[in-house]
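**Q** I have a structure I would like to understand better, so I am pasting it below and will then ask my questions one at a time.
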Amino acid sequence: MQAKIEGISHRGEGVARINGKATFIPYAIPGEEVEVEIIQENKRFSRGKLAGIYTASPDRREPVCPAYYDCGGCAYQHIDYARELDLKRNMVEETLKRLGGIEVEVLPAIVMDNPYRYRKKVA
C-alpha cells in the first residue's frame, strides 16, 4: 500500500498514518511517498517494510557503511547529516512538548567534522 511519511521515530524509522494507526517503516524519510508492506499489526500501531519509493526525499543518501541495511547498528546513515541533526532537534522539541508540556526552542546540535566511526556508549 502507498503511504506518505510524515515523521520519524527515535529509532530512525519513518512514521506514516495508515488506517488511522501510526505505522513505523525502517529506512523511510519524512516527505517521501513509499510503498509499504505491513508486517506487524498491533492495537495502536503497525510496523511495515519499505517495499519501494515513489518520491524520494532530497535528503536520501547512500549509506557509508556497506553493512548498514543488514547490521542494524546505525539508524540514520540513509539521511543527509544536516537533515539528521534537524530531525533529532525537532524530535526533542516535540517530545518535551508532548510528554512534559514544556514549549522551548531546542538549539541546534554541535556538528561533528566526521560523523562516522565513533561510539556513543561506554561499556
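What follows is calculated from the coordinates using simple rules that are stated; it is not laboratory data. Being a predicted model, the structure only gives us computed values, none of them experimental. No Cβ is skipped: glycine too gets one built from the backbone with ideal geometry, and neighbour counts run over all protein chains shown.
**Q** Taking θ as phi - 60°, what are the ³J(HN,Hα) couplings along region 39-49 by the Karplus curve (6.51, -1.76, 1.60), each to the nearest whole Hz, with x for Gly and Pro?
**A** Couplings: 10, 8, 10, 10, 4, 9, 8, 10, 10, x, 10 Hz.
**Q** Compute the orientation-averaged projected area for the chain from the convex hull of its Cα atoms and round it to one decimal in nm².
**A** 9.3
**Q** Also: I'd like to know which of Gly14, Val36, Gly73 lies farthest towards the positive end of the charge dipole of the chain, counting +1 on Cβ of Lys and Arg and -1 on Cβ of Asp and Glu.
**A** Positive-most Cα among the choices belongs to Gly73.
**Q** Can you give me the relative contact order of region 2-100 as a percent, contacts being Cα pairs under 8 Å and 6 or more apart?
**A** Relative contact order comes out at 21 percent.
**Q** Nothing charged except the Cβ atoms of Lys and Arg (+1) and of Asp and Glu (-1): what's the magnitude of the dipole of the chain about its Cα centre? Round to the nearest 20 debye.
**A** Approximately 520 debye in magnitude.
**Q** Applying a 10 Å radius around every beta-carbon, put 29-36, 89-96 in order of their mean neighbour count, most first.
**A** Descending mean neighbour count gives 29-36, 89-96.
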